[in-house]
Amino acid sequence: MKLHTLKPASGSTHKEGKRVGRGEGSGKGGTAARGHKGAGSRSGTSTKRGFEGGQMPLYRRVPKFGFKNLNRVEYAPINLDKLQELADNGITKIDNVVLRENGLIGKRDLVKILARGELKASLEIKADKFSSAAQKAVEAAGGSIANN
């Protein structure tokens, strides 16, 4: 250890900010690095988000398109192959609680059962919606469906 290698622990000190407007000797006196006159040199000034110095801002140059349907109902898709995995683990009654416990859906998700994959097990399934192909596949495997 040598005196010239000593320094404070990392994070224990921080850089001091520039003290502007404290005399010409500091190099930041007079206008305090704010330029001359105008709104930008006064206190309390701000420009609105997206302002590009008078140039037409990006959000107005780019055209609008599409719309978002406020009445759309989103369903979390669960396929038959996932249900078969649950059946392989010994689960025969499937509802939102079981799907949530197995990490397949979120807390407030609505569930729609879709027909990808193959279902061999006879299951009792409660869900918000079923595709017609999934409904046929469940009933063909000897299972039953019910709506939430």
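Values computed for the structure shown
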item: GNM result for the chain, Cα springs below 10 Å: residue of 23, 103, 53 fluctuating most strongly; result: 23
item: Listed residues 115, 39, 133, most fluctuating in the chain (Gaussian network, C-alpha, under 10 Å); result: 39
item: Exposure proxy ranking, count of Cβ atoms within 10 Å, fewest first, for 6, 123; result: 6, 123
item: The range 67-101-the range 1-40 distance, computed between alpha-carbon centres (Å); result: 58 Å
item: For the range 69-137, the fraction of alpha-carbon pairs in successive 5 Å shells from zero, as %; result: 4, 17, 30, 26, 14, 5, 3, 1, 0
item: Convex hull volume per residue for the chain, taking Cα atoms only, in Å³; result: 326 Å³
item: Mean ellipticity per residue at 222 nm, deg cm²/dmol - from DSSP H runs of n ≥ 4 across the chain, formula -39500 (n - 2.57); result: -4500 deg cm²/dmol
item: Fewest-first ranking of 4, 36, using other Cβ atoms within 10 Å as the exposure measure; result: 4, 36
item: Percent RCO, i.e. relative contact order, over the chain, from Cα pairs under 8 Å lying at least 6 residues apart; result: 15 percent
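Laboratory data are not the source of any read-out in this text; all were calculated from the coordinates shown. Keep in mind it's a predicted model, so treat the numbers as computed, not measured. All Cβ positions, glycine included, derive from the backbone under ideal geometry; neighbour counts span all protein chains shown.
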